[in-house]
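Novice: The structure is given below, and queries will be raised subsequently.
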Ligand code: PGA
């Protein structure tokens, strides 16, 4: 794994934005795997600015998102689909038909997992951008998810419910289940770019890089991948010696 330590969040966002922009410029027909959450927001701002300044075009880029809450329609402002339109898709020249997010409002979840796996099979991810959970999750692959998992339904862990409740005014409205692409899908990406920011991620970052490669720490699966770049701020990398 290549580790890039940045001073703070704005430097992390710029570094991540630069890596994604240079990927897009070199692979204008490429496939990007994308995350949601608070960490990538600055990177998305960088990408929108780069697009507005004619430095990058999303015209022929395809995106596949990591995950979505179950039970929320794409018009719900807490859904990850809504997040993506607010932060990126609605602000750049990407073709809507080339954007893929799991559907959270489905009744037949297994059918949706199957549909999403087919999308992933047709669109090999060139660059997968990831955040990391305090519990070491990737996407919504919670601790003890098998490394050979593909898209599946998850019951969110207490740690994730606690961490993500900050986005919901009414805690009871927060979904307890989600659909996520699997660890195997993430490991198939050609390159992985993982972003981590803040002291609350320091233990997870340490476990990912220097701990045992085991299913209790989903992010440790990245030790099996040959091409991983971790961009972490000083706080998130503070437990690494
Ligand atoms: P965050 O979430 O960017 O909101 O911290 C990351 C994650 O849970 O994967």
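Read-outs: derived from the displayed coordinates by stated rules, not from any lab. Just so it is clear, the model here is predicted, and its values are computed rather than measured. All Cβ positions, glycine included, derive from the backbone under ideal geometry; neighbour counts span all protein chains shown.
Novice: For region 136-241, what relative contact order do you get, as a whole percent, if you take Cα pairs closer than 8 Å and at least 6 residues apart?
Specialist: Averaging sequence separation for qualifying contacts and normalising by length gives 34 percent for region 136-241.
Novice: Quick one: divide the alpha-carbon radius of gyration of region 113-233 by 2.2 N^0.38 Å and tell me what you get.
Specialist: Relative to the rule-of-thumb radius for its length, region 113-233 sits at 1.05.
Novice: Rounded to the nearest 5, what % of DSSP beta bridges with both residues in the chain are antiparallel?
Specialist: In the chain, DSSP labels about 25 percent of beta bridges as antiparallel.
Novice: Also, I was wondering about something else. If the chain between residue 173 and residue 10 were fully stretched, how many nm would it gain, using 0.36 nm times the residue separation less the Cα-Cα distance?
Specialist: Gain on stretching residue 173 to residue 10: 55.5 nm.
Novice: Can you give the log10 of the normalised intensity I(q)/I(0) at q = 0.17, 0.34 Å⁻¹, computed with Debye over equal Cα scatterers of region 42-81?
Specialist: Treating every Cα as an identical point scatterer, log10 I(q)/I(0) equals -0.65, -1.05.
Novice: Would you mind computing, in nm to one decimal, how far apart the modelled labels at residue 52 and residue 155 are, each placed 7 Å from Cα along Cα→Cβ?
Specialist: Placing both labels 7 Å along Cα→Cβ, they lie 4.5 nm apart.
Novice: Still on this structure, please answer the following. Can you give the helix-only mean residue ellipticity at 222 nm for the chain, where every DSSP H stretch with n ≥ 4 adds -39500 (n - 2.57) and the sum goes over all residues, rounded to the nearest 500 deg cm²/dmol?
Specialist: The helix-only estimate for the chain comes to -9000 deg cm²/dmol at 222 nm.
Novice: How would you classify region 20-63 from its alpha-carbon gyration tensor, with a ≥ b ≥ c the square roots of the eigenvalues: rounded for a/c under 1.5, else prolate if a/b is greater than b/c, otherwise oblate?
Specialist: Note, shape of region 20-63 comes out oblate.
Novice: Go ahead and set up a Gaussian network model of the chain, Cα springs under 10 Å, then flag whichever of 148, 185, 67 fluctuates most.
Specialist: Top of the fluctuation ranking is 148.
Novice: Tell me the relative contact order for region 127-178 as a rounded percent, counting alpha carbon contacts under 8 Å between residues six or more apart.
Specialist: 30
Novice: Taking 8 Å as the Cα distance limit and 6 or more residues as the minimum spacing, I'd like the relative contact order of region 1-103 as a percentage.
Specialist: Contact order relative to length: 28 percent.
Novice: Right, another one. Tell me, in nm to one decimal, what length is gained between residue 41 and residue 165 on full extension, where the rule is 0.36 nm per residue of separation less the Cα-Cα distance?
Specialist: Here the answer is 42.9 nm.
Novice: Also, quick follow-up: Would you please classify the overall shape of the chain from the alpha carbon gyration tensor, given that a ≥ b ≥ c denote the square roots of the eigenvalues, rounded means a/c under 1.5, and beyond that prolate means a/b larger than b/c while oblate covers the rest?
Specialist: Since a/c stays below 1.5, the shape of the chain is classed as rounded.
Novice: Given N residues in region 167-241, what is Rg(Cα) / (2.2 N^0.38 Å)?
Specialist: 1.28
Novice: Right, here's the next one. For region 1-82, what does the alpha-carbon gyration tensor say about shape, rounded, prolate or oblate, given a ≥ b ≥ c as the root eigenvalues, a/c under 1.5 as rounded, and a/b over b/c as prolate?
Specialist: The shape class here is oblate.
Novice: Here is a follow-up. Starting from 0.36 nm per residue, how many nanometres of slack lie between residue 210 and residue 111 once their C-alpha separation is accounted for?
Specialist: So the chain would gain 31.9 nm between residue 210 and residue 111.
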